[in-house]
Amino acid sequence: MTNCLIIGHGAREHVIGEALVKGGAELYAFMSFKNAGLEELSKNRISIHSETNFEEIILFCKRNKIDFAVIGPEDPLCKGIVNALENKGIPCVGPKSEAAQIEGSKIFMRELLEKYKIESNIKSEKFDSMEGVENYIEENGEQTIVVKPDGLTGGKGVKVYGDHLFSRKDILNYCKEIIDQNDSFILEEKIEGEEFTLQTFVDGKNVKGSPLVQDHKRAYENDEGPNTGGMGSYSIENHLLPFITQEDVNNALEDMKNVVKAIEIETGIKYKGFLYGQFIKTSNGIKIIEFNARLGDPEAMNILPLLKTNFLDICKGIINENLHFNIEFEKKATVCKYLAPKGYPISPKKDELVEINDEKITNLGAKYYYASVYKKNGRIYTTSSRAMGVLGISNSLEDAERIAEEGVNFIEGKLFHRKDVGTLGLLQKRIEHMNSLLK
Ligand code: GLY
């Protein structure tokens, strides 16, 4: 029996835990607050502490003879959890901090891509003061500007002209706000196109892909409202998206392989773990928006339940640097809809009861995953972040969407979700948008 530790408390960690247990692992969970799904999957072998409390994590691993740990979120990765655990002889699925900079520092990422001439890179410039910012805007035009704080922002720090910033003054104010918080930032060109996520498994050298996913970052239907961690995502049974070709995927994967090589040359550290590429297809080919040193949330829910290959074997392959085998996925479509507390992400309703009709969801054939909710006296309550992920899996996108949407109705509380995620109507808009750019 393999004792596996999952670190993290959200829906991504819940689905990782599920895949580990399905693969035959004895699951243990270390999380900052109690995820009811992980509590059940691990048969209550849990520890509730901050996910960056490395001393506690090491003690928990030693006490429970953990064979290896899988790290879900970016914060502990960027702070060096893998360095700390591996120093104590606990193997990990996740990159060391030096390699995790690919997510932890936007400046590191763009400089690396530039230095190693990664095909899908875009123009950008770094700033650690306001000096030169006005010149950059003057030269490039304010309407093409994206501002990205250097450090981690939980997906909510990127501001784009026309979406969040509407004048030169807005751009300058936001840059100044970042500097006042002692962070640096990059300005990069705004890219028009359709986004897609490619999540990969990496053993230091081999980079194995998974079905493409499209996430929905805006809070409200028709892609309106503020940015969120992601309100839902879908994937299609042929593992592509209607506006993304196999050649685009091959190019994206090639760039990810080159980035993995570049990280090792640059830092001396092999990249091992999950590598998430957020790409955008433009009239000028695919471009990279960002890399994450982890699986996506919600996107992990679109790929792990489709695995035909044992996830435990994949994790061992990553650790032992022998991910030579094919990783197979069912040819099915998936739709994940996130339920978030009303008011999220601006003024979310916290500590509100969430009631889940497990029997009805299960009878429907949907799955659900606990995100940032906590359990108290046997009942589930909201926090200030996304609450529950509901997943439909079927032979077609239409049916997967129906299952997810019906499943959502069996979860009650002061919650909202985007009804349009995974609908054919929204997909058609994406296709038309892409076609108009490619004309
Ligand atoms: N869904 C976006 C992310 O996980 O970063």
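Give the separation of the Cα centroids, region 377-432 to region 64-137, in Å.
That distance is 31 Å.
If amide hydrogens are placed 1.01 Å from N in the peptide plane, which non-local residues have theirs closer than 5 Å to the one on K96?
It is K272, by chain and number.
Would you mind calculating the relative contact order of region 5-45 from Cα pairs under 8 angstrom and at least 6 residues apart, reporting the percent as a whole number? Mind showing how you got there, number by number?
Values: 52 pairs, mean separation 18.5, N = 41.
Answer for region 5-45 is 45 percent.
Between K414 and K375, what FRET efficiency follows from the Cβ-Cβ distance if R0 is 25 Å, with the result rounded to 0.05? Show your work: numbers first, answer last.
Working: r = 17 Å, r/R0 = 0.70.
With R0 = 25 Å, the Cβ-Cβ based efficiency is 0.90.
Quick one: length gained pulling E119 to N182 fully straight, 0.36 nm per residue minus the C-alpha distance?
Additional length available on full extension: 19.5 nm.
Provide the gained length on full extension for the span N357 to N238, in nm with one decimal, where the gain is 0.36 nm per separating residue minus the Cα-Cα distance.
Here the segment from N357 to N238 would lengthen by 39.7 nm.
Quickly rank 381-387, 88-94 as a protection proxy: mean count of other C-beta atoms within 10 Å, highest first.
Packing proxy ranking, top to bottom: 381-387, 88-94.
Compute the signed sum of charges (Lys and Arg +1, Asp and Glu -1) over the other residues within less than 11 Å, Cβ to Cβ, of V158.
Here the charged neighbours net out to +3.
What is the extension gain from R168 to K43, computed as 0.36 nm multiplied by their sequence separation minus the C-alpha to C-alpha distance, in nm to one decimal?
39.5 nm
Highest GNM mean-square fluctuation, the chain, Cα pairs closer than 10 Å: which of G141, G343, G378?
Most flexible of the set in this elastic network: G378.
With a cut-off of 8 Å between alpha carbons and a minimum separation of six or more residues, what is the relative contact order of region 173-328 in percent?
On the way: 245 pairs, mean separation 43.5, N = 156.
The normalised contact order for region 173-328 reaches 28 percent.
For the chain, what does the helix formula give at 222 nm: sum of -39500 (n - 2.57) over DSSP H segments with n ≥ 4, over the residue count, nearest 500 deg cm²/dmol?
Value at 222 nm, helices only, nearest 500: -10000 deg cm²/dmol.
Kindly point out which whole DSSP H helices in the chain project their C-alpha atoms 20 angstrom or further along the helix axis while averaging a Kyte-Doolittle hydropathy of 0.0 or above.
In the chain, the long hydrophobic H runs are 424-438.
What relative contact order, as a whole-number percentage, does the chain give when Cα pairs under 8 Å and 6 or more residues apart are counted? Numbers along the way, then the final one.
Numbers: 1006 pairs, mean separation 73.1, N = 439.
Answer for the chain is 17 percent.
So what's the net charge close to Q101: Lys and Arg +1, Asp and Glu -1, counting the other residues with Cβ under 12 Å from its Cβ?
Details: positive: K79, K96, K106, R110; negative: E74, E98, E103, E111, D150, E266.
Every neighbour counted, the sum reads -2.
Please list 3J(HN,Hα) in residue order for region 192-203, calculated via the Karplus relation 6.51 cos²θ - 1.76 cosθ + 1.60 where θ = phi - 60°; whole Hz, with x for glycine and proline.
9, x, 10, 7, 8, 10, 10, 9, 10, 10, 10, 10
So how strong a dipole does the chain carry about its Cα centre when Lys and Arg Cβ are +1 and Asp and Glu Cβ are -1, to the nearest 20 debye?
Here the size comes out at about 1080 debye.
All of the numbers you see were taken from the coordinates with simple rules; none came from a lab. Note that the structure is predicted; figures quoted are calculated from it, not measured. Note that we place each Cβ from the backbone using ideal geometry, even for glycine, and neighbour counts take in every protein chain shown.
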